[in-house]
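Here the structure is laid out as structure tokens; the discussion comes afterwards.
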Ligand code: SF4
């Protein structure tokens with residue numbers, strides 16, 4: 001099976017290599033994990049007036065796309081600003097994939113609970129950062145076995161908590 005890096009795998013690889021590997025192998029996290037439920041609720045209830053919501057393309061599940069003046073904005077909704085680094089890489093990946101399809105867009109990480117927005121721009125420097133993140137994620141997902149589990153603060157909220165620690 002050929003595994004490809006996706007936005008979600010990139011996001012996870014900035015937090016936990018093992019989680020990135022499990023996601024890449026399509027091993028479903030616990031759907032009843034309350035933190036996954038809360039995230040789903042925030043995604044559904046926030047920014048309801050934006051016209052285009054949730055677009056799925058290969059390797060991408062874009063929360064929203066809309067025009068703002070002359071710009072096309074790709075919005076990624078997050079629960080909190082805790083994992084901004086990963087959210088930024090995920091969004092850079094979406095911007096890069098859209099650019100390959102002829103669409104130049106700007107990214108926005110939207111954090112409704114904190115009334116916060118973070119602009120993400122794909123430029124020369126961030127493209128290097130993205131390529132490094134893709135290389136790292138490709139190394140992780142090509143491993144024959146999941147990387148060793150390591151207890152980190154995120155484990156208590158992770159959808160694979162039972163898989164790893166029960
Ligand atoms: S429970 Fe912890 S070690 Fe396991 S995948 Fe999640 S974050 Fe990684």
How tilted is helix 34-45 with respect to the longest principal axis of the chain? Cα atoms for both, answer in degrees (0 to 90, nearest 10). 10 degrees
Here the relative contact order (percent) of the chain, from C-alpha pairs under 8 Å and at least 6 apart, is 28 percent
Using only Cα atoms and rounding to the nearest 10 degrees, what angle (0 to 90) does helix 124-141 make with the longest principal axis of the chain? 30 degrees
Just to be sure I understand: with springs between alpha-carbon atoms less than 10 Å apart, which residue in 71, 60, 98 has the highest mean-square fluctuation in the Gaussian network model of the chain? 71
For the chain, what is the mean residue ellipticity at 222 nm derived from helices alone (per DSSP H run of n ≥ 4: -39500 (n - 2.57); sum divided by total residues; nearest 500 deg cm²/dmol)? -12500 deg cm²/dmol
Values of log10 I(q)/I(0), in the order q = 0.22, 0.27 Å⁻¹, for the stretch 89-166 under a Debye, Cα-only, solvent-free model: -1.03, -1.14
What distance in nm separates the simple spin-label points at residue 68 and residue 84, each placed 7 Å from Cα in the Cβ direction? 1.6 nm
Just the number, please: percent antiparallel of the DSSP beta bridges in the chain, rounded to the nearest 5. 75 percent
GNM flexibility winner over the chain from 102, 59, 69 (Cα, springs under 10 Å): 69
Contact order relative to length for the stretch 93-142, counting C-alpha pairs under 8 Å separated by 6 or more residues, stands in percent at 26 percent
Rounded to the nearest 10, the angle in degrees between the Cα long axis of helix 84-100 and the longest principal axis of the Cα atoms of the chain comes to 60 degrees
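If you wrap a convex hull around the alpha carbons of the chain, what volume per residue comes out, as a whole number of Å³? Let's see the in-between values first.
Working: hull volume 20.3 nm³, N = 166.
Convex hull volume per residue, Cα atoms: 122 Å³.
A short reminder: the numbers here are calculations on the coordinates, not readings from a lab. This one's a predicted model, so the numbers in the text were calculated from it and none came from an experiment. Every residue, glycine among them, receives a Cβ derived from its backbone with ideal geometry; neighbour counts consider all protein chains shown.
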